[in-house]
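Enquirer: Handing you this structure, nothing more for now.
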Amino acid sequence: MSSYQPPLTISSRILHLVTDVGARLAHLKMQAEQEHALRLRRINQIRTIQGSLAIEGNTLSEEQITAIIEGKRIIAPPRDIQEALNAIRCYGNLSNWHPVLEEDLLAAHRGLMEGLLPDAGHYRHGGVGVMNGNVVIHMAPPAERVSLLIRQLLVWLKETDLPPLISSCVFHYEFEFIHPFADGNGRMGRLWQTLILSRWDPLFVNVPVESLVHDNQSGYYQALNNSNQQSDCAPFVEFMLDMILRALEQSLTPQVTPQVTPQVGELLAILEGDLSREEIQHALQLQDRKSFRERYLRPALNAQLIEMTLPEKPNSRLQKYRLTAQGKALRQQQ
């Protein structure tokens, strides 16, 4: 029996989130039997890979990752392409790894960081910190303790009686706290949580939790920081359970809106990243601001295909717009 116990207070919110996730998962299983399930799984896999890489600064869009999967050539930074190739291979290899085996953990890191890190598949030899932009939010334990800490964590994962929904979140937090590798820790933590969940229920292979984390990246780092400050991983567990719940809800949302107007379709086609109203109008070659707002912008917002970057300040001069997960999925299908 492992003596190692990650610090965790089971809050009522954690229990409620676990219950809600279970209910959404049951609905998703029913939906998985429908005709569009295979196509939806493909879209979600692409969203998963793009979201996890984007958190680490990768610039590839879902369309570009789709092209790579289809064997097409794209114009992009070589490192970004290599990261995508590695992630595609690793997410496709999940069924061959066991979450409690150290050799599989190292093999996954080696595959995820191949051609990107000289010592891929090996623990770090120096100090490292968790960064949020240019700010250090956590200094990881000394390198000489990494091997022992990871082995203790894997033993805990094997022996814990916590349900996988919770234990996967705890593992993710503890993994980021240890930060065992010189690079690739964030994407490895997210990959391994997906592996733990998919061993519990295979549907999680195709639930794009990483995409939701990317859309809420500041909250991700804040949850890590809150857990560090409280010496309790509950804030991070609550955050990740909320991301899982929202990912399931989006997976249950119809991904195609046949009623979408040609104008909204044009807007979705040109919207890359965060763009201001002026930038979108210029891209669409539209002069009339009122017509643009009524025929393009407002219908897309009402359909939740795009969202404001500053929703609490709708009239801000700094306001920009971006695709929602549903908007990205619709554009992908179009």
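Enquirer: Tell me, what are the semi-axes, in whole angstrom and largest first, of the equivalent ellipsoid of the chain as set by the roots of 5 times the Cα gyration tensor eigenvalues? Show your work: numbers first, answer last.
Expert: Numbers: eigenvalues 247, 93, 83 Å².
Each semi-axis is the square root of five times an eigenvalue, giving 35, 22, 20 Å.
Enquirer: Please report the projected area of region 84-130's Cα convex hull averaged over all directions, in nm². Please report the intermediate quantities before stating the final value.
Expert: Numbers: hull surface 16.0 nm².
Averaged projected hull area, Cα only: 4.0 nm².
Enquirer: Same structure again: With +1 on each Lys and Arg Cβ and -1 on each Asp and Glu Cβ, how big is the dipole of the chain about its Cα centre, in debye rounded to the nearest 20? If you can, show how the numbers build up before the last one.
Expert: On the way: 32 positive and 36 negative charges, 160 e Å.
Rounded to the nearest 20 debye, it is 780 debye.
Enquirer: Separate question: Hey, what does the equivalent ellipsoid look like for region 201-303, semi-axes from the Cα gyration tensor as sqrt of 5 times each eigenvalue, largest first, whole Å?
Expert: Value: 36, 19, 10 Å, ordered largest first.
Enquirer: Let a ≥ b ≥ c be the square roots of the eigenvalues of the Cα gyration tensor of region 110-170; is it rounded (a/c under 1.5), or, if not, prolate (a/b larger than b/c) or oblate? Spell out each step's value before the answer.
Expert: Details: a/c = 1.71, a/b = 1.45, b/c = 1.18.
Cα axes put region 110-170 in the prolate bin.
Enquirer: Treating the angle as unsigned and between 0 and 90°, give the value, to the nearest 10°, between the Cα long axis of helix 102-112 and the longest Cα principal axis of the chain.
Expert: Taking the Cα atoms of the chain, the angle to 102-112 is about 30 degrees.
Enquirer: If I fit a long axis through the Cα atoms of helix 78-92 and take the longest principal axis of the Cα atoms of the chain, what angle between them do I get, 0 to 90°, rounded to 10?
Expert: Helix 78-92 and the main axis of the chain meet at about 70 degrees.
Enquirer: Same structure again: Run the quick spin-label model on Arg145 and Lys313: label points 7 Å from Cα toward the beta carbon, then report their separation in nm to one decimal.
Expert: 4.1 nm
Enquirer: Next question. When the helix-only estimate is applied to the chain (DSSP H runs of n ≥ 4, each -39,500 (n - 2.57), divided by the residue count), what is the mean residue ellipticity at 222 nm, nearest 500 deg cm²/dmol? Working shown, then result.
Expert: Values: 16 runs with 193 residues, N = 334.
So the calculated ellipticity at 222 nm is -18000 deg cm²/dmol.
Enquirer: Same structure, new question: Compare the peptides 205-215, 306-316 by average per-residue count of other Cβ atoms within 10 angstrom and give them in order, highest first.
Expert: Numbers: 205-215: 24.5, 306-316: 12.2.
By packing density, highest mean first, the sequence is 205-215, 306-316.
Enquirer: For His16 and Lys290 in one chain, what is 0.36 nm times their gap in residues minus the Cα-Cα distance, to one decimal in nm?
Expert: Details: separation 274, 0.36 × 274 = 98.64 nm, distance 4.45 nm.
Separation in residues times 0.36 nm, less the Cα-Cα distance, equals 94.2 nm.
Enquirer: A follow-up question, please. Set the Förster radius R0 to 45 Å, insert the Cβ-Cβ distance between Arg322 and Ser231 as r into 1/(1 + (r/R0)^6), and round the FRET efficiency to 0.05.
Expert: Details: r = 36 Å, r/R0 = 0.79.
Taking R0 as 45 Å, the efficiency between Arg322 and Ser231 is 0.80.
Enquirer: Here's something else I'd like to know. Could you give each residue of region 153-168 its phi-based ³J(HN,Hα) in whole Hz, using Karplus coefficients 6.51, -1.76, 1.60 with θ = phi - 60°, and x for Gly or Pro?
Expert: With coefficients 6.51, -1.76 and 1.60, one gets 5, 5, 5, 4, 4, 5, 9, 5, 9, 5, x, x, 4, 7, 4, 5 Hz.
Enquirer: Give the cross-link partners of Lys328 among the lysines, using a straight C-alpha distance below 30 Å as the criterion and excluding same-chain residues fewer than 8 apart.
Expert: Lys29, Lys72, Lys290, Lys313, Lys320
Enquirer: OK, next. Cut-off under 13 Å on the C-alpha distance; same-chain residues fewer than 8 positions from Lys158 excluded. Which aspartates and glutamates are left, in chain and number order?
Expert: Within reach: Glu102.
Enquirer: Here is a further query. Hey, with R₀ at 45 Å, roughly what FRET efficiency would Thr261 and Leu85 work out to, going by the Cβ-Cβ distance, to 0.05?
Expert: On the way: r = 37 Å, r/R0 = 0.82.
Step by step, r from the Cβ atoms, then E = 0.75.
A short reminder: the numbers here are calculations on the coordinates, not readings from a lab. Just so it is clear, the structure is predicted and the values come from calculations on it, not from any experiment. Quick reminder, even Gly has a Cβ in these numbers, built from the backbone with ideal geometry, and neighbours come from all protein chains shown.
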